[in-house]
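Every number in this text was worked out from the coordinates using simple rules, so none of it is lab data. Computed from a prediction, not measured in an experiment: that's the story for all the values here. Neighbour counts are summed over all protein chains in view; Cβ atoms, including those assigned to glycine, are modelled from backbone coordinates with ideal geometry.
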Amino acid sequence: MAVIAPPSAAAVHTGITLDQATSVVFLPLSGIFYNSFQAHCDSATKVAQKLFPDVVENQFSDYQWRIAETHLFNQEAVAHLETLIRSVDRLGIVISSVWRFEKTVAELKEILAKYTFSAFIIDKTPDMSDIEYRNSLPKDQEEYFREIGRPLTSEVSYWLKRHPSITNFVIYESCDSEGLSKTFGDKFIEVDRNKFLTQADVNKALAVFSARAPSSSPVAPPKGITLAQATSVVFLDIDGVLYNNRNDDSTDKIARNLFPDVIDGRYSGYQMDQVHAHLFNQKAVANLEFLIQSVNNLGIVLISQWRENRTIPQLRQIFAKHIFAVFIIDKTPDRQDEEYKSYLCRENDGKTSRASEITYWLKKNPQIINFVIYDDCDTNLSKTFGDKFILVDRRQLLTKDDINKGLGIFSVKV
């Protein structure tokens, strides 16, 4: 297998082009993934200051500001959109948001690059800077728009006329004040801006695309893999690989959203692990998921402290918002494992280490000879495992280069 460089925008999928798309989602951003209230603006300013520290007196460009705003998107809403993308063959996204103004499609993809769905952006609706679109409008535009509402309806209609091959589409918008439902019927789906994009909204879209009633249950996630099915393994640390900031200001807000019935912030350790999993670096996660898709029958064995006192089903639940969760097949032993403790006494003078934990796991699973180890700390790992250990820079987290190194190791064995 050749070493493949993950794409810059969305490592899990190769995406789609306008020519390839057979179905379309017209997508705004405000009200779908975020609300532009004052609290949002204050938070976006803090993010922008961290991302662009050289900018003086917060004079961020619109391009920089939009990148900062993407870091505040509701992660569950993004996950719902990506569920829809996985569920509908050859589905493309046409951006209808004001974010598209004075931006090329390539720039929009770059702004939204931290999310997988960016690779599925195929176009944007026209605006008044598009001369052909402007010339297509009635001369008395003011009266025309007063009749049909804000120009979004005409923008979508114009785009569809320019692309007659696209007859299968839905329009997401957080308000029906633009003649959308009147013009497009059930292909227009109104999103509650207080809840953002929900599974119910996705099910409505699936009903339109499939011409059948929506299922009351969520779309099934990827099937994943079991230990018995795996032929290759990634031994995976979490902190310093996918995540590096347990002091993120967003933790309280996420915890309240996930567990509204908890009183006075008395969250369990299990609940807080789920909260922190929502803050994983999206590019690092996307890089990991690219590796999963690139290597046949690849499973994940957790070596992180996150595994301690947790069963495999519990670990999958903690990470459930990420695709990689269903590829977790096992965890390395710890000092609670009596057989492992006996092994240490026999083989290692009773001393445990991450290297001894992995060595013991491999002895218990001799069918696995094809593996890599991702960790941000070299605790005797390079000495024990050579180039199968890949040291991750905790400041950058899991990068494309790290993935290419992993692909190189796996290709030697394939």
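Structure values in brief
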| item | result |
| --- | --- |
| So Phe73, is it farther than 23 Å from Asn281 by Cβ and among the aromatic types (Phe, Trp, Tyr) | no |
| Subset of the stretch 356-405 that is over 19 Å from Ser232 (Cβ atoms) and of a type in the set (A, V, I, L, M) - its residue that is farthest from the chain's Cα centre (by Cα) | Leu391 |
| Condition check for Ile328: within 25 Å of Asn244 (Cα to Cα), touching a residue at least 12 places away in the same chain (Cβ under 8 Å) and of a type in the set (A, V, I, L, M) | yes |
| Which listed residue is in contact with a strand residue (DSSP E or B) (Cβ under 8 Å, 6 or more places away or on another chain), under 24 Å from Phe290 (Cβ atoms) and hydroxyl-bearing (Ser, Thr, Tyr), from Thr399, Thr332 | Thr332 |
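For (1) surrounded by 16 or more Cβ atoms within 10 Å (Cβ to Cβ); (2) over 28 Å from Lys321 (Cβ atoms); (3) under 28 Å from the mean Cα position of the chain (by Cα), each residue gets a yes or a no:
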position: Tyr158; (1), (2), (3): yes, yes, no
position: Lys161; (1), (2), (3): no, yes, no
position: Tyr172; (1), (2), (3): yes, no, yes
position: Lys182; (1), (2), (3): no, yes, no
position: Asn194; (1), (2), (3): no, no, yes
position: Asn203; (1), (2), (3): yes, no, yes
